[in-house]
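To start, the structure under review is shown below, and the notes come after it.
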Amino acid sequence: MDLFNKVEPKYIKYGSYLHIYCPHCHKSLNVEKKDQKYILVKAKFKGQEGFIKLSPYLNIFETETDLPLKEGDIVDDMMCPHCGESLLVDDHPCEECGAPKVAEFIVSAFSKLIPFYICTRYGCKWHGLTKRDEQLIKIKIPRQDMPEQDPKLRKFNFLEVPYGYTAELAGIEADRCLQCKVPQCVQGCPVGIDIPSFIKLISEGKYVDASRKIKESNSLPAITGRVCPQEDQCEARCVVGTMDKPVAIGRLERFVADYERNINAVEVPEKKAPSGKKVAVIGSGPAGLTAAADLVKMGHSVTIYESLHEAGGVLTYGIPEFRLPKDIVKSEVNYLKNLGVKIEMDAVVGKLYTIDELLEEKGYDAVFVGVGAGLPRFMGIEGENLGNVYSANEYLTRINLMKAYKFPTYDTPAPRGKRVAVIGGGNVAMDCARTSLRMGADEVTILYRRSEKELPARLEEVHHAMQEGVNFKFLTAPVKYTGDKNGMVTGAECIKMELGEPDKSGRRRPIPIEGSNFMMDFDMVIVAIGAGPNPILFDTTPDLELNKRGYIVADPETGKTKKDKVWAGGDIVTGAATVISAMGAGKRAAKSIDEYLNSVKKTKKKH
Amino acid sequence: MYVILDKKDYARGTIVNIRIEAPEIAKKCSPGQFVVIRVNETGERIPLTIADNDPLAGTVTLVFQIVGKTTALLASRNVGDFIMDVVGPLGKPVEMKKYNKKILTVGGGTGVAVLHHIAKGYYEAGNEIISIIGSRTKSYLIMEEEMKRISTEMHITTDDGTYGFHGFVTQVMDMILSERGDDIEFVVAIGPVVMMKACCDITKRHNKKTIVSLNPIMVDGTGMCGACRVQVGGETKFACVHGPQFDGHLVDFDLLIKRQRTYIEDERISLFRSIK
Ligand SMILES: Cc1cc2nc3c(=O)[nH]c(=O)nc-3n(C[C@H](O)[C@H](O)[C@H](O)COP(=O)(O)OP(=O)(O)OC[C@H]3O[C@@H](n4cnc5c(N)ncnc54)[C@H](O)[C@@H]3O)c2cc1C
Ligand code: SF4
Ligand code: FES
């Protein structure tokens, strides 16, 4: 058996190189000559004896033979070229084509010998393990970690924390996917990405194709791969997750998108013939960017109006560099520009133009509103207007959009504190906490009114924050802030909470424990308890119907609002949600706008 | 990119007036509104109240005092140079209509530029204007001619007595309100925070409504960050969306002064670097 110990392929995987042995004489059937690598077996067909060469790469089906075989022919026998023994086994029809017999070989994996089969039908794709063995092996591959910057170093810099998979790690991780016939993961994805197909392309080493597969339903995979809450979406449903940790779908998504971008393989897709229609998109967050990309591909002329001086919405002003490098957002925005989308910055719709002016004076045929939920919420407690108490939006905008972390090269001053409190438990709170560490805080404490289990942030962000040394004080909320004579914050009076019955959101409601008040010292506080709709646009558009909470009422399927020619989507409809759901809304609205514009065209032609 | 068409300065070069090409903003803006500007790629976003607009020529006039890095940088730009970003018009316009009684407008320092735009609005709406404008010393007084043109009655004060009344605008205002407060509908006071605060202390005594224009720290100017929070009547307001004009009797000026000082140290570093 010493023969088998020589070659130890780490994992069996799609596209990986197989070492195959004869089950009788245990000799290797692999042949390696200069550029040629193949598996050699002897075969008999219609009394003639010859050879068949097979690709040693799992799931690459190249075969060659000197026998007069046509696709579909079944060979009479297959033999080992060394000992000449027949390799055929009884009672084992092909799992792929149903041919009555298959040949059995041996491969080694996980220090175990596993039977490997090749169908006797020439051209049949079955060239692998039995389904059962395959699953067994796959489940044994552990979920692959992404290499990342050491927490001790990274808390002093703004460089991205995870480095991303290497091609090798991605290959191994991709092989964990079972290629389910009814993939549960896809149902968990808000935009229905064909997950098993893109993962299979990774297994085959076709990374660019994999990225394009994703882009059929999600145009920003480099971004969603980094910021989606996968553990609540696709990965929550992955079947592998019932036996082990789920397939790392997000990391794979990120890998292929980065790969495609890094080798400059991103192509500007074909656009339909110009429709002669004009669409205005208000807001350049994920909802607006997605709607614009789809609409311009459908042949419409698209202009985005953005109130800030840079495009990207939360991706630019909110999510920090160390989590989502701004170069990625910029390259997505440039991609849109290359597609022909015009972007007008510094344009606050509602102030500079109203929606009605866009429709009537500027001649747009439709408007998509994707202005996000940008209005910061405060708790309304005493001392909240003290100096060095910030909204998360202000703090992050200064650091990310205005690049205050590069002060004084950039002019915008950064809020600085040595003992920082961050109020809240979402992604925004994690971002603020980890940013303030990088800005030089000695101690950062997250005050969250529920327990660790209820933290709404992505798991990875919580994990990273803890690694970097952010303190968490659960079941705690501030009731008032104290300040010094200059009006700067000096601390917070906090109260302990306990969890009561679940509320409407399904999370258990925090109830203050009377008399549990205590003081904590801080010299800076960041309030990250959520955001609401900014009324700036609505003040001049009274006929846009809003719900009780001030968000736009729009059809969830189409994004159509109650106002003629106006669609909306993203956080401004749903309230603060996720990047991917905003993109999904942009996509659905683009489809509906396109249908509307085409119908207008048709009715006009009739006249 | 927004080009500077005209530039002049007052008060020995410490106050600068620029006229920039911004046709859409010029068309849309009303007195009391402001813009947020960013001079260049590394620049800060700062709010500047619109001092005048010409919709036909497509221009907007901004008047600012050189107080920090950004205003110094902006002042260093000449006619023909560009400003990277000009966002606006932001804030609520002042309601312009004809009132029965006169309007008393009080301005100090650079605030006179903003006051002028609002006073002109009232004037054009058919109101009679009494103005009091003041400065530290004669050479720092701005827009005297422009104010005169729209005022039926005009008072000038200087702290050092080099021109007009020797004293503060508040003193003249107090006198006018005592003598003929009944003729006056309301007061508009715009200038340094301490001046507006002092004005409000006096007008409260006279029970005369007073509009002030606040200038807290801002970032976006669209209600997105909350940097501009001010306390008005015990409630937190965002000056950029709810203001910048507020009922002065309700404003917590002390809080405003403290909040304005948050970045005093960084401002110093920034300015120092720019001088170097
Ligand atoms: C700090 C932070 C971290 C987050 N982390 C995650 C995460 O990890 N994963 C995740 O899935 N989600 C995350 N989110 C939520 C996610 O970013 C949002 O759900 C998503 O960006 C919403 O997209 P949107 O297009 O609706 O709006 P936004 O991204 O908010 O974009 C709206 C754009 O419209 C512009 N705008 C607003 N008003 C006007 C106007 N009147 N005229 C012109 N333009 C206007 C704004 O300037 C902005 O650029 C995070 C949010 C924040 C704030
Ligand atoms: S559910 Fe998991 S194993 Fe099945 S296709 Fe999706 S990623 Fe692959
Ligand atoms: S300046 Fe940001 S909210 Fe007013």
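The values are calculated or read from the model by the stated rules, or taken from the named source; none is laboratory data. In this text the structure is predicted, and so the values were computed from the model without any measurement. So basically every Cβ, Gly included, is an ideal-geometry build from the backbone, and we count neighbours across all protein chains shown. Please note that ligands, DNA and RNA were not included when accessible areas were found on the heavy atoms of the full protein model with its side chains. Shrake-Rupley method; radii C 1.70, N 1.55, O 1.52, S 1.80 Å.
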Would you work out which of B:189, B:127, B:176 lies farthest towards the positive end of the dipole of region B:102-260? Charges go on Cβ: Lys and Arg +1, Asp and Glu -1. B:189
Placed amide H near residue A:516: partners under 5 Å, 5+ positions off or other chain: A:496
If you take the beta carbon distance between residue B:207 and residue B:138 as r and set R0 to 56 Å, what does 1/(1 + (r/R0)^6) give as a FRET efficiency, to the nearest 0.05? 0.95
Coordinate range along principal axes, alpha carbons of the protein assembly as shown, Å, largest first: 125, 75, 56
Region A:363-501 - percent of accessible surface contributed by carbon and sulfur, probe 1.4 Å: 49 percent
Work out from phi, with θ = phi - 60° and the Karplus expression 6.51 cos²θ - 1.76 cosθ + 1.60, the ³J(HN,Hα) of each residue of region A:79-90, listed in order in whole Hz, and give x for Gly and Pro. 10, 6, x, 8, 9, x, 5, 5, 9, 5, 10, 7
What is region B:102-260's relative contact order, in percent, from Cα pairs under 8 angstrom and six or more apart in sequence? 19 percent
With the 1.4 Å probe rolled over protein heavy atoms, the protein assembly as shown has an accessible area per residue in Å² of 42 Å²
Once you have the Cα-Cα distance between residue A:504 and residue A:548, take 0.36 nm times their residue separation minus that, and quote the gain in nm to one decimal. 14.2 nm
Given 20 °C and 1.002 mPa s, how large is the Stokes-Einstein diffusion coefficient of region A:293-407 in µm²/s, with Rh as the Kirkwood radius over Cα pairs? 131 µm²/s
Suppose each label sits 7 Å from its Cα in the direction of the beta carbon; what would the residue A:339-residue A:187 distance come out to in nanometres? 3.0 nm
Partner shielding of A:391-402, as the mean number of partner chain Cβ atoms within 10 Å, equals 4
Between beta-carbons, use under 9 Å as the cut-off and find the net charge around residue A:121, counting Lys and Arg +1, Asp and Glu -1. -3
Taking the Cα atoms of region A:487-607, what is the range of coordinates along each of the three principal axes, in descending order and whole Å? 76, 38, 25
Give, as a single signed number, the net charge of other residues whose beta carbon lies under 15 Å from the beta carbon of residue A:67, with Lys and Arg counted +1 and Asp and Glu -1. -1
If you take every residue apart from residue A:524 with its C-beta less than 10 Å away from the C-beta of residue A:524, what net charge results, scoring Lys and Arg +1 and Asp and Glu -1? +2
Sorted largest first, extent of region A:542-587 alpha carbons per principal axis (Å): 28, 22, 13
Mind ranking B:45-51, A:27-33 by how tightly packed they are, going by the mean number of other C-beta atoms within 10 angstrom, highest first? B:45-51, A:27-33
May I ask for the angle, rounded to the nearest 10°, between helix A:249-262 and the longest principal axis of chain A, with both axes built from Cα atoms and the value confined to 0 to 90°? 90 degrees
Each residue of A:301-309 has, on average, a number of other protein chain C-beta atoms within 10 Å of its C-beta equal to 3
Placed amide H near residue B:128: partners under 5 Å, 5+ positions off or other chain: B:103
Can you tell me the mean projection area, over all orientations, of the convex hull of chain B's alpha carbons? Units nm², please. 14.0 nm²
Radius of gyration and Dmax over the Cα atoms of region A:227-345, both given in Å: 16.8, 54
Scan around residue B:225 for amide H atoms under 5 Å from its own, H built in the peptide plane at 1.01 Å from N, and keep only partners 5 or more places away or cross-chain. B:220
Based on a Kirkwood Rh over C-alpha pairs, give the Stokes-Einstein translational diffusion coefficient of region A:190-292 at 37 °C and viscosity 0.692 mPa s in µm²/s. 218 µm²/s
Output the relative contact order of region B:2-90, whole-number percent, from Cα pairs under 8 angstrom with separation of 6+ residues. 39 percent
Accessible area that becomes buried as B packs against A, both chains, 1.4 Å probe, Å², nearest 100: 3700 Å²
Distance histogram for region B:2-90 (every C-alpha pair counted, 10 angstrom bins, percent rounded to whole numbers): 19, 57, 24, 0
Jot down the radius of gyration and Dmax of region A:48-96, Cα atoms only, both in angstrom. 11.9, 28
For region B:1-157, diffusion coefficient by Stokes-Einstein and Kirkwood Rh (Cα), 4 °C, 1.567 mPa s, µm²/s: 81 µm²/s
Which pairs break 18 Å Cα to Cα here: A:277/A:297; A:42/A:101; A:278/A:342; A:213/A:330? A:213/A:330
Per residue of region A:31-45, what does 6.51 cos²θ - 1.76 cosθ + 1.60 with θ = phi - 60° give for ³J(HN,Hα)? Whole Hz please, x for Gly and Pro, Karplus curve as stated. 10, 10, 10, 4, 8, 9, 10, 7, 9, 10, 10, 8, 8, 10, 8
Quick one: with all protein chains in place, what share of the accessible area of region B:2-90 is carbon or sulfur, to the nearest percent (1.4 Å probe)? 51 percent
Give the value in nm², to one decimal: projected area of the alpha carbon convex hull of region B:102-260, averaged over all directions. 9.2 nm²
Provide a whole-number value for the mean count of partner chain Cβ atoms within 10 Å of the Cβ atoms in peptide A:483-489. 3
In region A:441-470, which residues have a backbone nitrogen under 16 Å from the label point lying 7 Å from residue A:379's Cα in the Cα-to-Cβ direction? A:445-451
What's the FRET efficiency of residue A:163 with residue A:232 using the Cβ-Cβ distance as r and R₀ = 25 Å, to the nearest 0.05? 0.55
For region B:243-264 the residues that are at least 10 Å² less accessible with all protein chains than alone, 1.4 Å probe, are B:255, B:258, B:259, B:262, B:263
Order B:243-254, A:73-84 from most to least packed using the mean count of other Cβ atoms within 10 Å. B:243-254, A:73-84
Under the 7 Å Cα-to-Cβ spin-label approximation, residue B:8 and residue A:467 lie apart by a distance in nanometres of 6.2 nm
